[in-house]
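Beneath this line is the structure, given in structure tokens, with notes to follow.
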Amino acid sequence: KAGVTQTPRYLIKTRGQQVTLSCSPISGHRSVSWYQQTPGQGLQFLFEYFSETQRNKGNFPGRFSGRQFSNSRSEMNVSTLELGDSALYLCASSLPTRAISTEAFFGQGTRLTVV
Amino acid sequence: AQSVTQLDSHVSVSEGTPVLLRCNYSSSYSPSLFWYVQHPNKGLQLLLKYTSAATLVKGINGFEAEFKKSETSFHLTKPSAHMSDAAEYFCVVSVMGGGGNKLTFGTGTQLKVEL
């Protein structure tokens with residue numbers, strides 16, 4: 001069974017540009033979440049999508065947005081990049097249940113560097 | 001609001017000796033708790049999860065954790081450390097919100113294993 005796939009693995013962008021990251025969840029998983037990991041702030045929740053709808057949102061500015069397609073694949077977009085957006089962006093997928101016991105399975109991440 | 005506190009940012013042990021990584025949680029409800037491990041430049045791998053069943057939870061690679069409600073703790077242990085255990089470990093609480101799957105991470109404990 002294939003795991004969570006994130007593309008690309010590495011990205012270098014210039015300040016002011018925008019970037020789109022992609023995540024393909026485990027087959028059958030309909031919930032996709034995004035997290036930002038930085039040395040200073042640790043792992044922070046960005047948002048979660050389920051059945052093409054944003055179900056939860058973290059405390060990030062509107063420059064961070066996402067979407068989910070009918071096949072559960074998800075994209076995350078960051079506009080007007082800032083140096084502080086440099087981070088490892090992790091995608092996680094989980095089964096569609098309201099139980100709080102659902103564990104998330106993570107991809108290897110996309111390492112974004114803003115110069 | 002739910003939160004987790006990892007009491008040690010760095011732990012160093014000798015190979016073959018026990019490992020103890022400490023985690024305290026705060027939750028208004030019965031929490032779901034997880035331990036994840038992250039090796040350098042890798043995504044997060046689930047070690048084990050607590051979901052209100054048995055309080056002693058066994059995970060992969062010989063790790064286990066005990067849920068203690070009276071102490072609001074969920075410490076991770078392993079009887080005998082191996083060099084391959086060197087990594088960063090995250091204690092995580094699952095937050096219910098909108099029926100979604102939002103994870104709140106601790107700040108991480110870097111485990112060093114020495115010969």
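The values are calculated or read from the model by the stated rules, or taken from the named source; none is laboratory data. Here the structure is a predicted model, which is why all the values come from computation and not from measurement. Quick reminder, even Gly has a Cβ in these numbers, built from the backbone with ideal geometry, and neighbours come from all protein chains shown.
For the reader, a short list of remarks on this structure follows.
Let's see how each residue does on (1) among the aliphatic types (A, V, I, L, M); (2) facing chain B (nearest Cβ under 10 Å); (3) not in a strand (DSSP E or B):
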site	(1), (2), (3)
A:12	yes, no, no
A:16	no, no, yes
A:45	no, yes, no
A:49	no, yes, no
A:66	no, no, no
A:71	no, no, yes
A:93	no, yes, no
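- Taking (1) more than 21 Å from residue A:45 (Cα to Cα); (2) away from chain A (no Cβ under 13 Å); (3) surrounded by fewer than 22 Cβ atoms within 10 Å (Cβ to Cβ); (4) of a type outside the set (A, V, I, L, M) in turn, residue B:67 satisfies each apart from (2).
- In segment A:56-99, of all residues being of a type in the set (S, T, N, Q) and crowded, with 20+ Cβ neighbours inside 10 Å, the one that is modelled with the lowest pLDDT corresponds to A:56.
- Of all residues in segment B:85-106, exactly one satisfies the criterion of being surrounded by fewer than 21 Cβ atoms within 10 Å (Cβ to Cβ), modelled with pLDDT of 95 or more and within 12 Å of chain A (Cβ to nearest Cβ), namely B:88.
- Selection within segment A:25-60 - among the β-branched types (Val, Ile, Thr) and farther than 19 Å from residue B:39 by Cα: A:26, A:32, A:53
- Scope segment B:13-32; condition modelled with pLDDT under 95 and in contact with a Leu (Cβ under 9 Å, 6 or more places away or on another chain); matching residues: B:25, B:27
- Residue list for segment A:12-24, filter: more than 14 Å from the chain's Cα centre (by Cα) and either closer than 17 Å to residue B:36 by Cβ or of a type in the set (A, V, I, L, M, F, W, C) (or both): A:12
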